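To start, the structure itself, in structure tokens.
The values are calculated or read from the model by the stated rules, or taken from the named source; none is laboratory data. These figures come from a predicted structure and were not determined experimentally. Reconstructed Cβ throughout: ideal geometry from the backbone, glycine too, with neighbour counts over all protein chains shown. Note: areas computed on protein heavy atoms with side chains; ligands, DNA, RNA excluded. Shrake-Rupley method; radii C 1.70, N 1.55, O 1.52, S 1.80 Å.
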Amino acid sequence: QQMAATNTNARMVAVVSAFDLSNISSISGLEVWSQHLDPVGQGSHTGWLEPETALARGAVGTIINHAEHKVSIEHVSKLMKMLPDGFPICACAADVEEARALAELGPTFIAVEPPELIGGDLSVTSADPAIVSNTVAAVKEVNPNVRVLCGAGVKNGADVAMAIELGTEGVLLASGVTKAENPAAVLADLVSQI
């Protein structure tokens, strides 16, 4: 609810657990995505996250291949073919080569997130700015329609501003907000310099 109340023109998306899709998607004005989906249909797929069910529960986009839940390029490709036209997907990449391979598939977004920096106190924008700018260049060379984000250690507006300066269109983050004592203040700071 704090995210929905933040007064900004920046696009903010809540990426939530499948358990929370129905509850969170009911918040007015909030764009809600699933944290993961699997390329399966309804039926004998116990334990898998079936896309039709996620859509019915309010998911309007998804993340796939996050460092905490890696999947194959084939998994991403199959999933993308199952999703409705215009359904945004953010494919996460650990490095430039993985981003290049994902760009061949043409997801809406690719987020580069070096796994060693995820959840830490050091932002990718200062720890390894070259991976950000090199990923942007590689993705745009393969598919100029794919939008690039970066994540890992992003915590404040200065990190967001640096990400944009390095060529991305935004950031992907979790712990910077979810672990904060005052998430609303962190959200406001994240968009303060754009």
Next item on the list: From Lys179, Lys155, grab the single residue that is more than 23 Å from Ala103 (Cα to Cα) and touching a residue at least 24 places away in the same chain (Cβ under 8 Å).
Entry: Lys155
Margin query: Kindly evaluate Ala101 against the criterion of being surrounded by fewer than 19 Cβ atoms within 10 Å (Cβ to Cβ), in a loop (DSSP other than H, G, I, E, B) and in contact with a helix residue (DSSP H, G or I) (Cβ under 6 Å, 6 or more places away or on another chain).
Written below: no
Next item on the list: Find all pairs meeting these conditions: Cβ atoms under 8 angstrom apart; at least six residues apart or on different chains; first residue within segment 46-64 and open to solvent by 20 Å² or more (accessible area, probe 1.4 Å); second residue modelled with pLDDT under 95 and of a type in the set (Asp, Glu).
Entry: Val60/Glu31
Margin query: Cβ-Cβ distance below 9 Å, separation of 6 or more or different chains: which pairs start in segment 68-84 with a residue that is under 22 Å from Ala56 (Cα atoms) and open to solvent by 30 Å² or more (accessible area, probe 1.4 Å) and end on one that is of a type outside the set (Lys, Arg) and part of a helix (DSSP H, G or I)?
Written below: Met80/Leu105; Met82/Pro51; Met82/Glu52; Pro84/Pro51; Pro84/Leu55
Margin query: Just to check your reading of the model, which residue among Thr168, Thr135, Thr178 is within 16 Å of the chain's Cα centre (by Cα), open to solvent by 50 Å² or more (accessible area, probe 1.4 Å) and β-branched (Val, Ile, Thr)?
Written below: Thr178
Notebook entry, point to check: Does segment 20-43 include one or more residues that are closer than 25 Å to Pro115 by Cβ, open to solvent by 80 Å² or more (accessible area, probe 1.4 Å) and over 18 Å from the mean Cα position of the chain (by Cα)?
Noted result: no
Next item on the list: Return the pairs, sorted by first residue and then second, in which the second residue is assigned to a strand (DSSP E or B), the first residue lies in segment 100-114 and is charged (D, E, K, R), the beta carbons are less than 9 Å apart, and the residues are 6+ apart or on different chains.
Entry: Arg100/Ala93; Glu113/Cys92; Glu113/Ala93; Glu113/Leu149; Glu113/Cys150; Glu113/Gly151; Glu113/Leu172
Next item on the list: Collect the residues in segment 109-126 that are of a type outside the set (Phe, Trp, Tyr) and crowded, with 17+ Cβ neighbours inside 10 Å, keeping them in residue-number order.
Entry: Ile110, Ala111, Val112, Glu113, Pro114, Leu117, Ile118, Ser123, Val124, Thr125
Checklist line | All positions within segment 104-130 that are more than 28 Å from Leu83 (Cβ to Cβ) and either assigned to a strand (DSSP E or B) or touching an Asp or Glu at 6+ places or on another chain (Cβ under 8 Å) (or both) | finding: Leu117, Ser123, Thr125, Ser126
